[in-house]
Amino acid sequence: MYNVQYPGSAGLLIITSAAESLMNYRISLSNMEDSKTIMNETDFSSLSRPIHLMPEFVKEALLEQGLLDAYHNRPPYQQNDYIGWINRAKRAETRQKRLDQMLYELERGVIYMKMTHTPKPPKNEPGS
């Protein structure tokens, strides 16, 4: 938790654990060699929940299955929810089962957490 006092203010601004997690995430990204690529893929700024970092085994699975673009085409909240859901598994078998479900849903394209997902059409590029 951080205490921040602004000039001319009477009180302190207390940054909670969720905001602290987001700050730590952004700090860790700024220290990463490929942070520019990662940050350009998804804008998580609209999320009010903690941001979950993608573990290497998830990234490898997405690349092996050719589903990284399908993952990045999902809304930020879905990307974040998938990663948080996989990371919360306590057993390796559960993590693998959840990873397999995410890969299956991304491959199908119309499912999110066993619910129907209607993808948004791609935005038109300027001048097209």
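Let me check I've understood the local charge: for THR94, count other residues with C-beta under 14 angstrom from its C-beta, Lys and Arg +1, Asp and Glu -1. What total comes out?
Details: positive: ARG88, LYS90, ARG91, ARG95, LYS97, ARG98; negative: GLU93, ASP100.
Its environment carries a net charge of +4.
Spin-label model, TYR104 to THR116: label points 7 Å out along the Cα-to-beta-carbon direction sit 2.0 nm apart.
Readers should treat all values here as calculations from the given coordinates under stated rules, not as data from a laboratory. These numbers were taken from a predicted model, which means no experiment stands behind them. Every residue, glycine among them, receives a Cβ derived from its backbone with ideal geometry; neighbour counts consider all protein chains shown.
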